[in-house]
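Trainee: Can you read through this structure? Questions will come right after.
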Amino acid sequence: MMAAAWPLSAVAGLLPASLSLTLLLATLVSILVLGAAAVFFEHIRKIGCMHSLERSAVSDAFFEDPNSLKKVPCPSVFDPPDKYISLIVPAYNEEHRLPEALTETLNYLKRRSTADKSFSYEVLIVDDGSTDRTSKVAFGFVKQHKIDNVRVLLLGRNHGKGEAVRKGMLHSRGELLLMLDADGATKVTDLEKLEAQVHALAKKAKSSPGTSTSSSHNLSDVEIAVFGSRAHLEKQALATRKWYRNFLMKGFHLVVLLTAGPGIKDTQCGFKMFTRAAARKLFTNIRLKRWCFDVELVYLCKHLWIPMIEVSVNWTEIPGSKVRMTSIMHMVFELLLIKVGYGLGIWKIYS
């Protein structure tokens, strides 16, 4: 009869010490890799589960009116529009930069509505769990301009810019929905460039041969996304930034290209306009809550067949950016989530 199987210690004794060490290290590395992969896929699954709950949840959010002290129920992006344009401003600890940007924005909107009575607007400030006086500053503008024109949505705790934008989009009233940063880096007047492209694409879509005569002629019902872009400023930026920042940004752009594909050169500009129909599809599908939700929007536009176009805008770097070197690594991680989550079908796209 054959002898019983040798114990591992006996086998290890017959192997060279270097080979034993190599096998041990390989085993440990394999365990670590498999463990990390398990954690990663579980994270993707949890994001998918959370998204399913958010899609089916009934919103009980409301706006506070500091003038009447009444609570105003939040509208839904599924409701018919009752404003021409909504401006969504995500804000996290922006008490210093917000006042100047809001003043310039509201002055422009008031001038335009005075000149054109059909131009109606709202500014929706989404306070993403700020720990400074951001909400107090925002409510000051509500008192001054009334809650029909300026509203503040309090998220309670910090979720991330992507979630703040998503919440604002889902509770807006406009035919057109524009997201813009709280620092005022892009001039609000540039919204006219994006607006012109929306109207041009909408007109083209309505006059195309495949369009049904019974199709809606409302601007809000046409699916269009227009992305503000700083790509034309890239050469100037490369000349002024440190070499390692340029290296990181070039690497990031390459990963973005591999994730979302070609089409939009500058995915990260915080100045984007959507028709109501496009926002309804995009922001009920979006899952990322922080840095790379912009890239996810491009990915979703392509897979939902939503026409998108890139428009150059004026942009000035405003001191106080919250992007750090560690943010780049977080961005790359989120890009990997997009690629794996959608690529393996773990995240479903609802049309």
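Trainee: Take peptides 303-309, 137-143, 33-39, 173-179 and line them up by average Cβ neighbours within 10 Å, highest first, as a rough protection proxy.
Mentor: Ranked by mean Cβ neighbours within 10 Å, highest first: 173-179, 137-143, 303-309, 33-39.
Trainee: For the range 304-314, take each phi angle, set θ = phi - 60°, evaluate the Karplus expression 6.51 cos²θ - 1.76 cosθ + 1.60, and give the result in whole Hz per residue in order, putting x for glycine and proline.
Mentor: Couplings: 9, 6, 8, x, 9, 9, 10, 10, 5, 10, 6 Hz.
Trainee: Going by average Cβ density within 10 Å per residue, which order do the peptides 103-114, 119-130 take, highest to lowest?
Mentor: Top to bottom by mean Cβ count within 10 Å: 119-130, 103-114.
Trainee: Suppose the chain between Glu104 and Met329 were pulled fully straight at 0.36 nm per residue; how much longer would it get relative to their current alpha carbon spacing?
Mentor: Here the answer is 77.6 nm.
Trainee: If you average the sequence gap of Cα pairs under 8 Å that are 6 or more apart and divide by the length of the range 86-179, what percent do you get for the contact order?
Mentor: It rounds to 42 percent for the range 86-179.
Trainee: Still on this structure, I have one more. Give me the extension gain from Ser312 to Thr284: residue separation times 0.36 nm, minus the current Cα-Cα distance, reported in nm with one decimal.
Mentor: Length gained between Ser312 and Thr284: 7.4 nm.
Trainee: How far is it, in nm, from the label point at Asp148 to the one at Leu304 when both lie 7 Å from their Cα along the line to the Cβ?
Mentor: That separation, rounded to one decimal, is 3.1 nm.
Trainee: Highest first, please rank the peptides 45-52, 260-267, 165-172 by the mean number of other Cβ atoms sitting within 10 Å of their residues.
Mentor: Top of the packing list down: 165-172, 260-267, 45-52.
Trainee: Subtract the Cα-Cα distance of Leu336 and Met50 from 0.36 nm times their separation in residues, and report this length gain in nm to one decimal.
Mentor: The Leu336-Met50 span can extend by a further 101.1 nm.
Trainee: Once the Cβ-Cβ distance between Ser30 and Asp132 is put in as r, and R0 is 45 Å, what FRET efficiency do you end up with, to the nearest 0.05?
Mentor: 0.45
Trainee: Largest first, what is the accessible-area ranking of Ser18, Ser68 with a 1.4 Å probe?
Mentor: Ser18, Ser68
Trainee: Among all lysine pairs in the range 255-351 that are eight or more places apart or on different chains, how many have alpha carbons less than 23 angstrom apart?
Mentor: 21
The values are calculated or read from the model by the stated rules, or taken from the named source; none is laboratory data. Since the model is a prediction, treat every value here as computed from it, not as a measurement. All Cβ positions, glycine included, derive from the backbone under ideal geometry; neighbour counts span all protein chains shown. Surface accessibility is based on the protein's heavy atoms, side chains included, excluding ligands, DNA and RNA. Shrake-Rupley method; radii C 1.70, N 1.55, O 1.52, S 1.80 Å.
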